Amino acid sequence: MKKRITILGSTGSIGTQALEVLEKLENKEDFEITGLACKANVEKFLSQIKKFNPKRVCISDINAYKTLKNEVKCEILFGEEGLIELSKNNNDILLTATTGTISLKPTIEAIKNGVDIALANKETLVTAGDIVMNLAKNTKSKNGKDNVKILPVDSEHSAILQSSNGNFKNIRTIFLTASGGPFLNKTTEEINSAKAKDALKHPNWSMGKKITIDSSTLMNKGLEVIEAHHLFNMPYENIKVVVHPESIIHSAIETLDGSVLAQIGNPSMHIPIQYAICYPDRIKGIKTGSFSFFDKNLTFKVPDFEKFPCIKLAYEAGKKGGIFPCVLNASNEIAVYKFLKGEINIKGIVKTVEYALNNAEEIKNPTLYDIFNTDIETRKKAKLFKP
């Protein structure tokens, strides 16, 4: 039987690369793209639909929806309800490659229906990690043998999965590597005076604007720490961030016997995407270039929490738990978009997140309602806050 795959966010960076991976797999006939979803990029979406012929698609923009109705013959769904319907039925694996909390409900409904998750959406575990992971652990997958798997697509978390071979009980320490972004060797004053165009010049990775800004502040690494805590059931004290500018070691683990195992390779998102889609198999696929040990000089540094305070805020929010990671995520997202518009500087991002965390009402065991309500309210306050 073919493995049926649905991709949320198919026109974005990760979604586009996932389709490239599926197209180049040696055994691509063993996979079927049953569903695609995007927000509003109707021209690119139409091209994908015609090329991959999914049975159902979903789009969130009403004008794009009207255009699709006149152009394609497959079933067309709309909005959040459409995403939920697309995600929970006729799938074996759901790749969540959207940004924001829009894919949280679809992910939960997919898990309830035994669908494995290839997770490229940070907000899912940052805001609702306890809910999502507990649900997955207690739900049988469609094969009837295993519980639903949450398979990370982030290169760092994929490296942990690959290094551990899925056995997380033997891990003593997780080392999450960080490139350091475009401001690694800049002073605090230079960082705070930087414009969006400067922050978007990532030295190693090609990503969307929001995640690239997060990489420049190291908030991206802070969010990944929270994700790692949930994915691998690891205390925050045992999750260490290592600045590694070359992005060759994608992350590593220290096992209980003191061995350190790492996954290394050239910077490429195709590899972790393919690993999640094909897990646990390794299949010949898209060419990413052979790795060479002989032209590499690897360096490692301790992250500077004073120069990059966002990562410190993420650790603090994660350790507090409850509703605080949701507040961290929502306030940061609004602050990043304000920075991209030139309304605040990078210091303003930090101050906005600090304000939101300091003024959040504590909820120790938030429900989905609490999470969505807090997300909305935090965004409102962050928009009004003037650092």
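The values are calculated or read from the model by the stated rules, or taken from the named source; none is laboratory data. Quick caveat, the model's predicted, so the values are computed rather than measured. Backbone-built Cβ (ideal geometry, glycine too); neighbour counts: all protein chains shown. These area figures cover heavy atoms from the full protein model, side chains too; ligands, DNA and RNA do not enter into them. Shrake-Rupley method; radii C 1.70, N 1.55, O 1.52, S 1.80 Å.
In region 288-303, how many residues are open to solvent by 70 Å² or more (accessible area, probe 1.4 Å) and either outside any loop (DSSP other than H, G, I, E, B) or without any contact (Cβ under 8 Å) to a residue 40 or more places away in the chain (or both)?
Going through region 288-303, the residues open to solvent by 70 Å² or more (accessible area, probe 1.4 Å) turn out to be 290, 293-295, 297-298, 300-302.
Of the ones still in play, those that are also either outside any loop (DSSP other than H, G, I, E, B) or without any contact (Cβ under 8 Å) to a residue 40 or more places away in the chain (or both) are 290, 293-295, 301.
Adding up the residues that qualify gives 5.
For the list (1) open to solvent by 20 Å² or more (accessible area, probe 1.4 Å); (2) within 23 Å of the chain's Cα centre (by Cα); (3) of a type outside the set (S, T, N, Q), I need the number of the one condition that Lys364 fails.
(2)
In this structure, is Lys347 of a type in the set (Lys, Arg), in a helix (DSSP H, G or I) and farther than 23 Å from Thr127 by Cβ? Quick ask: steps written out before the conclusion?
Numbers: of a type in the set (Lys, Arg): yes; in a helix (DSSP H, G or I): yes; farther than 23 Å from Thr127 by Cβ: yes.
Yes, satisfied.
Quick one: would you say Lys145 is open to solvent by 10 Å² or more (accessible area, probe 1.4 Å) and either in contact (Cβ under 8 Å) with a residue 24 or more places away in the chain or β-branched (Val, Ile, Thr) (or both)?
No.
Filter region 108-134 down to residues that are of a type in the set (Val, Ile, Thr) and within 13 Å of the chain's Cα centre (by Cα), then give me how many there are.
4
Given (1) surrounded by fewer than 16 Cβ atoms within 10 Å (Cβ to Cβ); (2) in a helix (DSSP H, G or I), identify the lone condition not met by Gly166.
(2)
Just to check your reading of the model, which residue among Ile117, Ile150, Ile111 is buried (at least 21 other Cβ atoms within 10 Å of the Cβ) and either touching a residue at least 40 places away in the same chain (Cβ under 8 Å) or under 14 Å from Ala228 (Cα atoms) (or both)?
Sole residue among the options that is buried (at least 21 other Cβ atoms within 10 Å of the Cβ) and either touching a residue at least 40 places away in the same chain (Cβ under 8 Å) or under 14 Å from Ala228 (Cα atoms) (or both): Ile150.
Applying the selection to region 44-78, what residues are open to solvent by 80 Å² or more (accessible area, probe 1.4 Å) and in contact with an Asp or Glu (Cβ under 7 Å, 6 or more places away or on another chain)?
Of everything in region 44-78, just one residue is open to solvent by 80 Å² or more (accessible area, probe 1.4 Å) and in contact with an Asp or Glu (Cβ under 7 Å, 6 or more places away or on another chain), namely Lys55.
Could you check region 223-249 and list, in sequence order, the residues that are open to solvent by less than 20 Å² (accessible area, probe 1.4 Å) and within 14 Å of the chain's Cα centre (by Cα)?
If the condition is that a residue be open to solvent by less than 20 Å² (accessible area, probe 1.4 Å) and within 14 Å of the chain's Cα centre (by Cα), then Leu223, Glu224, Val225, Ile226, Glu227, Ala228, Leu231 are the ones that fit.
Of the residues that sit in region 169-204 and are more than 21 Å from Ser216 (Cα to Cα) and open to solvent by less than 60 Å² (accessible area, probe 1.4 Å), which one is nearest to the chain's Cα centre (by Cα)?
Ranking the candidates gives Ile174 first.
How many residues are over 19 Å from Ser268 (Cα atoms), open to solvent by 30 Å² or more (accessible area, probe 1.4 Å) and of a type in the set (Val, Ile, Thr) if we restrict to region 1-43?
1
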